[in-house]
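Read through the structure below, which is laid out as structure tokens, and then see the notes.
The values are calculated or read from the model by the stated rules, or taken from the named source; none is laboratory data. Since we're looking at a predicted model, the values are computed, not measured. Heads up, the Cβs are rebuilt from the backbone with ideal geometry, glycines too, and the neighbour counts pull from every protein chain shown. Surface areas here come from the heavy atoms of the whole protein model, side chains and all, with no ligands, DNA or RNA. Shrake-Rupley method; radii C 1.70, N 1.55, O 1.52, S 1.80 Å.
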Amino acid sequence: MVVPALNEEATIADVIRNLRWQGFSRIRVIDNGSSDATAQRARAAGAEVLREPQCGYGQACRRGLENIPRGVAWILFCDADGSDDLDDVDRMIATAEEADLVLGNRFATKSGREAMTGVQRLGNRVVSKLIERGWRFRFADFGPLRLIRRQALDDIDMRERGFGWNVVMQIRALEAGLKIREVPVGYRPRQGGRSKISGNIGGAICAGFGILQAVIRLYFAPKRLRSQAERLPLQEQS
């Protein structure tokens, strides 16, 4: 269980408690340079806390994957702001029986659609269209709540360090031929603290530029799949 966190002292303890309630005992919070009490509250709630001073969502996720204990077969990622509805994790785990990567689709639930900001909707729409054109595969969402098989994560060799982490994971999963499923998940506005992206124009522009840059880089990468025309939209595969 990997939870990147930057200045989330208002929400991190509740997120960890909810994860423990769901049965997770190995919870890693990656403190990505917080200036508040995020790390202390995470430890007090029972999480392992790793420090990653180099800023970047992908950088924090990469740090969280270091030295994963032997025997851990699946890794769940979620946000630290309390926006993910962790009650839907059971549905994701059940779906994992027939998949390598299970993605939470916030647009498939009423609560998720209503909680998404205009920036989030626009960003998802643009990236989805780019991937559909470049890889002939339609994703509904690129949210943080996701469950991936450890071996699959090793196979796709994630190296992204910035906000493009989630998008790159999904593209690399396509290129590796992984079995991908999307399941409806609830979503709500962040439960405390301040958004680094959707509530901040500068942050949204920075994140958007980073994501687009990552997509373009993968599009022109030498290892990009050539047999894209045979792929079906995700909704027809599920």
With every protein chain present, what is the per residue accessible area of region 82-142 (1.4 Å probe, Å²)? 47
Would any residue of region 58-72 have its amide N under 16 Å from a label point 7 Å out along Cα→Cβ of Phe24? List them or say none. 60-66, 68-69, 72
Evaluate the distance, in nm, between pseudo-label points positioned 7 Å from the Cα of Leu212 and of Thr95 along their respective Cα→Cβ axes. 2.9
I'd like the accessible area for Asp81, computed on protein heavy atoms only with a 1.4 Å probe and all protein chains in place. Round to 10 Å², please. 20
Could you tell me the accessible area of Lys179 in Å² (1.4 Å probe, neighbours in place), rounded to the nearest ten? 120
Contour excess over end-to-end distance, with Cα ends at Leu122 and Lys179 and 0.36 nm allotted per residue: 17.9 nm
Have a look at Ala60, Ala47, Ala94 and tell me which one the Gaussian network model of the chain (Cα, springs below 10 Å) gives the largest fluctuation. Ala94
HN-Hα J in Hz across region 83-98 - Karplus 6.51, -1.76, 1.60, θ = phi - 60°, x for Gly and Pro: 7, 6, 8, 6, 5, 8, 5, 4, 5, 5, 5, 5, 5, 4, 4, 10
Just Ala176, Ala44, Ala140 to compare: in a GNM of the chain, with alpha carbon springs under 10 Å, which one fluctuates most? Ala44
Rounded to 10°, Cα long-axis angle of helix 201-219 versus longest principal axis of the chain: 40
Which whole-number percent is the relative contact order of region 1-140 (Cα, under 8 Å, 6+ apart)? 23
Residue-span extension gain [Arg133 to Lys110] - 0.36 nm each, minus C-alpha spacing: 5.5 nm
Taking one equal scatterer on every alpha-carbon of region 79-127, how large is log10 of I(q)/I(0) by Debye at q = 0.25, 0.28 1/Å? -1.07, -1.14
Only Cα pairs within less than 10 Å get springs; with that Gaussian network setup on the chain, which residue of Val15, Val168, Val72 has the largest fluctuation? Val72
Can you give me the % of accessible surface on region 26-77 that is carbon or sulfur? Probe 1.4 Å, all protein chains present, nothing else counted. 44
Taking the radius of gyration and the Kirkwood hydrodynamic radius from Cα positions alone, what is the Rg/Rh ratio for region 1-134, to two decimal places? 0.97
For Gln191 and Val72, FRET efficiency with R0 = 25 Å and r from the beta-carbon atoms, rounded to 0.05? 0.35
